[in-house]
């Protein structure tokens with residue numbers, strides 16, 4: 001994590017202290033379209049519900065990996081909260097961990 | 001003691017929306033097989049009316065597939081209980097009334113949890129529960145022994161959630177955290193993933 005290049009999407013944060021971190025604000029969808037066209041390895045979002053919803057709505061996410069914990073909590077933050085449209089996905093892979101966590105991998109249709 | 005079981009379709013983002021999923025033969029076969037382990041089905045009022053309105057007449061629907069008809073025959077023939085305080089009489093859809101509907105249904109108005117405990121103590125096969133609100137109530141009271149979530153390959157972004165605090169709870173449970181044991185998983189051709197859990 002410390003060595004990787006990181007981007008924080010924020011309109012309020014001016015500077016990130018963590019090394020190898022850039023702050024990007026404004027039109028993050030346009031910025032992501034530019035970043036996807038540039039050369040390099042894949043990019044990953046770990047968590048970050050609000051930007052996931054925005055990028056998913058804009059059709060910019062190519063793969064989803066979702067881990068389901070074997071626990072019911074009855075409240076909390078939901079994934080894809082406020083997503084504007086229904087998203088149909090194709091199941092590509094599943095994996096079961098000893099802990100009972102199930103990993104579900106999808107691609108957009 | 002009989003087991004209380006619960007199975008429901010759910011989107012990836014956790015919404016229980018019966019209109020948005022992929023309901024193919026594999027899915028109907030799954031539910032028909034599950035009902036094969038059951039000898040009574042419990043419903044909340046809304047789910048009861050929703051299921052009765054179509055499935056009671058599905059056997060005569062020319063569009064219904066063989067799997068759908070098998071599921072319909074299964075659910076139609078099983079004894080049912082509907083928990084409802086608001087209805088004096090269970091209204092049947094006109095089609096169901098014409099064919100005398102779900103005659104094998106009993107309405108219970110009071111003491112739902114005691115009734116379920118009584119049923120669990122009787123001998124017999126599994127008891128199935130249908131309905132988000134009553135299943136949430138039973139879940140929070142630790143009455144559900146096994147559950148199946150059929151995760152549809154869909155993100156909805158909004159809708160009715162399972163096991164939410166507003167559902168059927170007489171008081172707030174602020175620290176609800178129920179660990180479950182993953183029993184097994186299955187995959188359908190449609191991309192639906194079946195997650196089968198049991199109470200620890």
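Going by a ≥ b ≥ c, the root eigenvalues of the Cα gyration tensor, does the stretch A:54-105 fall in the rounded group (a/c under 1.5), the prolate group (a/b larger than b/c) or the oblate group? Oblate. Using the rule -39500 (n - 2.57) for each DSSP H run of four or more residues, divided by the residues of chain A, the 222 nm mean residue ellipticity is -5000 deg cm²/dmol. When peptides B:140-146, A:56-62 are ranked by their average number of other Cβ atoms within 10 Å per residue, the highest-first order is B:140-146, A:56-62. Helical content of chain B, expressed as a calculated mean residue ellipticity at 222 nm, amounts to -8500 deg cm²/dmol (DSSP H runs of 4 or more residues, -39,500 (n - 2.57) each, divided by residue number, nearest 500).
Using C-alpha pairs below 8 Å separated by at least 6 residues, the relative contact order for chain A is 21 percent.
Peptide B:151-163 has a mean of 6 when you count, residue by residue, the C-beta atoms of other protein chains within 10 Å of its C-beta.
Applying 1/(1 + (r/R0)^6) with R0 = 22 Å to the Cβ-Cβ distance of residue A:44 and residue A:73 gives a FRET efficiency near 0.30. Normalising by residue count, chain B has a Cα convex hull of 127 Å³ per residue. Judged by the mean number of other Cβ atoms found within 10 Å, the most tightly packed of the peptides A:67-74, B:116-123 leads the ranking A:67-74, B:116-123.
Taken residue by residue and averaged, Cβ atoms of other chains lying within 10 Å of the Cβ of B:178-188 number 4. The mean count of C-beta atoms from other chains within 10 Å of the C-beta of residues in A:92-98, rounded to a whole number, is 2.
All of the numbers you see were taken from the coordinates with simple rules; none came from a lab. As the structure is a prediction and not an experimental result, all values here were calculated from the model. We place every Cβ from the backbone using ideal geometry, glycine too, and count neighbours over all the protein chains shown.
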